[in-house]
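Comments concern the structure below.
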Amino acid sequence: MDNYREHMLDGASAVDLVVALYDGIIRFLYTAIAAVERGDVNGRRVAVKRAMDIIIHLQARLRMDVGGRPAQALSEFYASIFAQMLQASQAASIAKFEHAIDCVRNVRDAWRQVAQGPDANQGSANVIAMPSRGHAAPPESDAVAGSSWTA
């Protein structure tokens, strides 16, 4: 499966890689929910740590010098989501995890809209430096919904 993921992302644009990272966050948060349902404290912590690692990765690659206000908005979003995940994990709260998933999905959908635009490899993608491919997760198959979040 890892080999498939590597090949799937080989020709991906910077925006596609960002979307894949958001998909990874969502996947790990669903894993955390499943762990809460099983009463698996260690499984919950591992899943949340992996989601937080992706947030830290994205935060570290923000280019404030180039991105201006959109980069600042993303920085604030990442800090907020990080705090939400921490609170959800500490409370073992499925509802809080689901809220974090909804927030991440909303911003991910905005990135998908950017990816579908004519300049998917330029423009808004410059707000974030190209993520390393080793941390990217495969895109999930859920339908693209319109996003109310804009960068």
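The values are calculated or read from the model by the stated rules, or taken from the named source; none is laboratory data. The structure presented is a predicted model; accordingly, all values stated were derived computationally and were not measured. All Cβ positions, even for glycine, are placed from backbone atoms using ideal geometry, and neighbour counts span all protein chains on display.
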Check your understanding: Counting just the residues of the stretch 70-111 that are in contact with an Asp or Glu (Cβ under 9 Å, 6 or more places away or on another chain) and basic (Lys, Arg), which one comes out farthest from Gly39 (Cα to Cα)?
Key -> Arg108
Exercise for review: Write out, first by first residue and then by second, each pair whose Cβ atoms fall under 8 Å of each other, whose residues are 6+ apart or on separate chains, and whose first residue, in the stretch 67-96, is under 24 Å from Val46 (Cα atoms) while the second is aliphatic (A, V, I, L, M) and surrounded by fewer than 16 Cβ atoms within 10 Å (Cβ to Cβ).
Suggested key: Ser75/Met64; Phe82/Ile56; Ala92/Val41
Practice item. Filter the stretch 19-49 down to residues that are touching a residue at least 24 places away in the same chain (Cβ under 8 Å) and touching a helix residue (DSSP H, G or I) at 6+ places or on another chain (Cβ under 6 Å), then give me how many there are. Key: 13
Check your understanding: Got a number for residues in the stretch 1-53 being closer than 17 Å to Trp111 by Cβ, at pLDDT below 90 and of a type in the set (Ser, Thr, Tyr)?
Key -> 1
